[in-house]
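A short worksheet on the structure shown next.
Each reported figure results from applying straightforward, stated rules to the coordinates on display, with no laboratory input. This one's a predicted model, so the numbers in the text were calculated from it and none came from an experiment. Positions of Cβ are backbone-derived with ideal geometry, glycine not excepted, and every protein chain shown enters the neighbour counts.
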Amino acid sequence: MIEAFFECSFTISRLRQAPLADHMDAFASLLAGQGYSIAWARVQIRVVGEFNRWLRSKSIGLSRVDENAVTRFLACRERAKPLAPGRAFALTRLLRMLRDKGVLAEPQPPAPTAAEAAVTAFGDFLRQERGLAETTLANMLPFVEEFLSAWSPAGRFRLSNLTARDVTQFIQQRATELGAGRAPLLVTALRSFLRYLRYQGEIQTDLAACVPSVPKYSLSSLPKYLPAGSIERVLQHADRSTPRGRQERAMLFLLARLGLRSAELMALTLDDIDWDAGQITIRGKGDRWAGLPLPSDVGEAIADYLRQDRPQCGTRRLFVTRNAPITGLRSRTPIQRAVQRALDQAGISSARGGAHLFRHTLATDMLRRGASLGEIGEVLRHRDLNTTRIYAKVDLVALQKLALPWPGGAR
């Protein structure tokens with residue numbers, strides 16, 4: 001099949017004086033490796049061919065090929081005959097390939113603002129020194145950037161001028177807008193940022209101590225889980241007759257049997273499965289990893305997907321996108337949709353979805369079968385037993401034994 005991709009680029013590569021002539025076969029290989037069909041590859045290669053001829057007509061050498069050249073080409077093309085939607089992205093893909101190969105230098109980004117520089121440095125500190133996961137950073141850093149932008153809209157400031165009043169005013173205003181769900185994240189982010197500034201010597205006062213707390217009562221909520229037997233119904237109704245169904249079935253078994261988080265499922269690679277030992281490696285929060293036994297039904301579902309549906313591609317990720325470019329899953333949306341489809345097929349109604357619904361249900365089912373909180377925490381890979389204690393509240397039978405008689409009630 002790869003020969004057909006090379007044939008697509010043969011005519012263009014004959015333009016020996018054109019800047020991109022020596023790179024067309026590499027571009028064809030890239031498209032083949034990313035799972036594009038021959039028809040769509042031809043479309044993209046034709047666009048690159050037009051760009052190549054335009055570069056030669058304008059005497060633009062390879063070293064001058066960049067976003068500005070692409071913009072000029074598209075403007076000329078627009079006046080003659082606009083490209084169909086989506087086809088101009090072939091040129092973005094071409095530039096990325098040339099830069100990855102070292103043929104073109106990476107573009108120089110614009111100088112960061114003071115707020116952007118401060119947030120970037122803080123993020124690097126949390127990532128390298130504290131070992132926080134990217135998902136945690138994605139929750140924290142936007143609050144810090146928002147605070148700095150509100151404090152100094154012009155972007156010109158000295159962190160040493162920060163005052164307690166600046167901090168408390170922002171939190172009091174913003175926390176009321178966020179509500180009880182996300183307000184604690186705001187407080188955590190700013191408190192961590194202010195401690196970091198003092199550690200770095202940017203401020204001399206312990207402003208973290210003036211960050212007001214948002215009430216958040218420990219173990220105040222119940223985990224959302226499915227009734228007993230629901231997970232087995234979901235797995236029994238999982239579709240295994242279509243490529244999408246087999247991929248989602250493998251996801252569902254991993255979520256249901258091992259309680260994976262969405263990020264852990266997305267991070268799985270082919271190398272994480274040791275078929276001989278019957279073990280799977282889970283890469284969790286903070287670069288921690290754990291080796292867990294691979295249940296036979298989970299292994300069967302994964303093998304079914306690998307044998308029939310996972311395409312040959314350049315990524316080692318276990319679960320990949322179904323449409324080109326073939327890469328590892330880039331967001332949690334496919335997982336959320338897989339869970340919702342599975343619930344609908346099984347006729348189960350739930351106000352919550354996503355990976356954590358299965359994770360909470362696994363913990364609850366283990367508790368019903370007599371597992372200790374320590375055992376549940378080990379399976380769910382909790383660092384702190386307090387995180388696992390929330391599941392004690394769903395053991396209603398055990399809690400009934402602890403309930404005191406109602407004053408004045410039946411004796």
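How fast does region 49-91 diffuse by Stokes-Einstein, in µm²/s, taking the Kirkwood radius from C-alpha pairs at 4 °C and 1.567 mPa s? Answer from the Stokes-Einstein relation: 121 µm²/s.
Using a/c under 1.5 as the rounded threshold, could you call region 230-400 rounded, prolate or oblate? The axes a ≥ b ≥ c are square roots of the C-alpha gyration tensor eigenvalues, and prolate needs a/b larger than b/c, oblate otherwise. Intermediate values should be presented prior to the final figure.
Values: a/c = 1.92, a/b = 1.43, b/c = 1.34.
Prolate is the answer for region 230-400, as a/c is 1.5 or above and a/b outweighs b/c.
The alpha carbons of region 103-259 stretch over 62, 56, 28 Å along the principal axes, in descending order.
Our note on the geometry: Cα centres of region 323-381 and region 74-145, 32 Å apart.
Stokes-Einstein, applied to the Kirkwood radius of region 34-165 over Cα pairs at a viscosity of 0.692 mPa s and 37 °C, places its translational diffusion at 175 µm² s⁻¹.
Summing Lys and Arg as +1 and Asp and Glu as -1 over all other residues whose Cβ lies under 15 Å from the Cβ of Phe193 gives a net charge of -2.
The phi torsions of region 50-65, fed into the Karplus equation with coefficients 6.51, -1.76 and 1.60 and a -60° offset, translate into couplings of 4, 4, 4, 5, 5, 4, 5, 5, 9, 6, 9, x, 4, 5, 9, 7 Hz, rounded to whole numbers, with Gly and Pro shown as x. Backbone phi angles across region 184-197, fed through the Karplus curve with coefficients 6.51, -1.76 and 1.60 (θ = phi - 60°), yield HN-Hα couplings of x, 5, 4, 4, 4, 4, 5, 4, 5, 5, 5, 5, 4, 4 Hz in residue order; Gly and Pro are listed as x.
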